[in-house]
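Worksheet for the structure shown next.
Nothing in this text is a laboratory measurement; each read-out follows from the coordinates by a stated rule. Because the structure is a prediction, the values reported are computed rather than measured. Reconstructed Cβ throughout: ideal geometry from the backbone, glycine too, with neighbour counts over all protein chains shown.
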Amino acid sequence: MLQVNLKGKRAFIAGVGDDKGFGWAIAKTLAEAGAEIIIGTWTPVLKLFLTSLERGKFDESRRLSDGSLMEFAKIYSMDASFDTPQDVPPEIAENKRYKGTSGYTIAEVAEAVRHDFGTIDILVHSLANAPEVKKPLLETSRQGYLAAMSSSSYSFVSLLQHLGPVMTPGGAALCLTYMASQRVVPGYGGGMSSAKAALESDTLTLAWEAGRKWGVRVNAVSAGAYGSRAAKAIGFIGKMIDYAEENAPLNKKPLSADEVGAAAAFLLSPLASAITGTTLYVDNGMHAMGIATDSAALACDAGTN
């Protein structure tokens with residue numbers, strides 16, 4: 001049987017802060033395939049994450065098919081909004097959630113990974129944040145818009161810029177996007193749709209540059225609506241999930257994080273060795289739809305049952 005085999009591979013996954021999101025699901029799938037897992041956790045939630053891990057709150061989620069628990073080779077404190085220590089403003093450095101913590105900028109984490117492990121084979125960007133995500137684009141401030149772009153899009157560029165030099169030839173990088181980059185999703189605001197569009201565009205350019213420079217492949221997974229902790233910040237994620245389940249080609253079928261993890265594992269494995277610069281939709285086909293089949297405006301049966 002053809003299987004994803006990542007034994008001997010080392011993966012750095014940025015953006016794991018609990019056991020509910022796509023980052024965790026990808027980490028677990030890669031671990032199942034034999035990869036060594038390193039993660040970067042957002043500095044403000046690091047303490048809570050480590051405490052939950054130590055108290056066994058994630059044990060059931062960590063359990064692999066052979067009965068063992070997924071292990072992390074190392075967990076780094078990381079805030080992908082900052083490239084170097086000089087970029088951290090005083091109000092952040094002195095904030096109680098950051099005070100006493102150091103080495104959390106992208107450049108510092110990349111250097112620590114190089115020092116601790118030498119090389120990595122896989123890079124996963126599972127980061128997104130927009131302080132004004134609940135605001136329509138017309139009401140989004142410049143500061144809010146740029147913050148969304150910085151945290152959700154440029155952070156991938158910076159991570160690959162700093163970790164690319166320690167990635168092995170034939171390695172692979174992956175980011176997570178959403179179809180609001182290509183379609184209007186009312187309520188997905190604050191510049192997040194713009195950030196996802198930039199992320200997908202950057203995936204193309206980075207595939208060219210990283211491929212020529214380091215022999216590294218770069219792809220994106222566009223995941224469907226899913227009720228992660230981060231997604232709940234949008235405010236209407238439940239309705240988005242209901243809408244997708246009603247209108248997707250594979251309707252009445254909930255999207256699972258494991259399905260996103262499996263697709264990511266394929267793209268990050270040697271099985272996808274000729275695939276780069278691609279955005280793969282993992283959304284039960286929702287991206288293909290042009291109308292809502294459950295709309296009251298549809299007066300006749302369109303053959304959807």
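Results, tabulated for the structure shown:
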read-out	value
Residue exposure sequence - HIS162, HIS115, HIS125, HIS287 - by fewest surrounding Cβ within 10 Å	HIS115, HIS287, HIS162, HIS125
Tail fraction, Cα-Cα pairs, the chain, threshold 24 Å, whole percent	53 percent
Partners for LYS7 among aspartates and glutamates (Cα-Cα distance below 20 Å; same-chain residues under 8 apart left out)	GLU32, GLU36, ASP66, GLU71, ASP116, ASP121, ASP258
Contour minus Cα-Cα distance for THR168 and THR205 (0.36 nm per residue)	11.4 nm
Nitroxide proxy distance, nm - points 7 Å out along Cα→Cβ at SER273 and PHE236	4.7 nm
Virtual spin-label span in nm between LYS252 and THR84, 7 Å along Cα→Cβ	5.8 nm
Above-threshold pairs, the threshold being 29 Å between Cα atoms, out of LYS47/LYS253; LYS57/LYS196; LYS9/LYS253; LYS9/LYS213	LYS47/LYS253; LYS57/LYS196; LYS9/LYS253
Neighbour-count ranking [beta-carbon atoms within 10 angstrom, fewest first] of PHE82, PHE58	PHE58, PHE82
Exposure proxy order (Cβ contacts within 10 Å, fewest to most) of LYS96, LYS253	LYS96, LYS253
Relative contact order of region 10-285, defined on C-alpha pairs under 8 angstrom at six or more residues apart (%)	19 percent
Sites SER102 and LYS57 - FRET efficiency at Förster radius 22 Å, r taken between beta-carbons, to 0.05	0.25
Range in the chain, longest, excluding exposed GluC sites (Glu not before Pro) [loop by DSSP; at most 14 other beta-carbon atoms within 10 Å]	95-305
Ellipticity estimate at 222 nm from DSSP helix runs (n ≥ 4, -39,500 (n - 2.57)) divided over the chain, nearest 500	-10500 deg cm²/dmol
Spacing of the two label points (7 Å from each Cα toward its C-beta) at GLU91 and SER295, in nm	4.3 nm
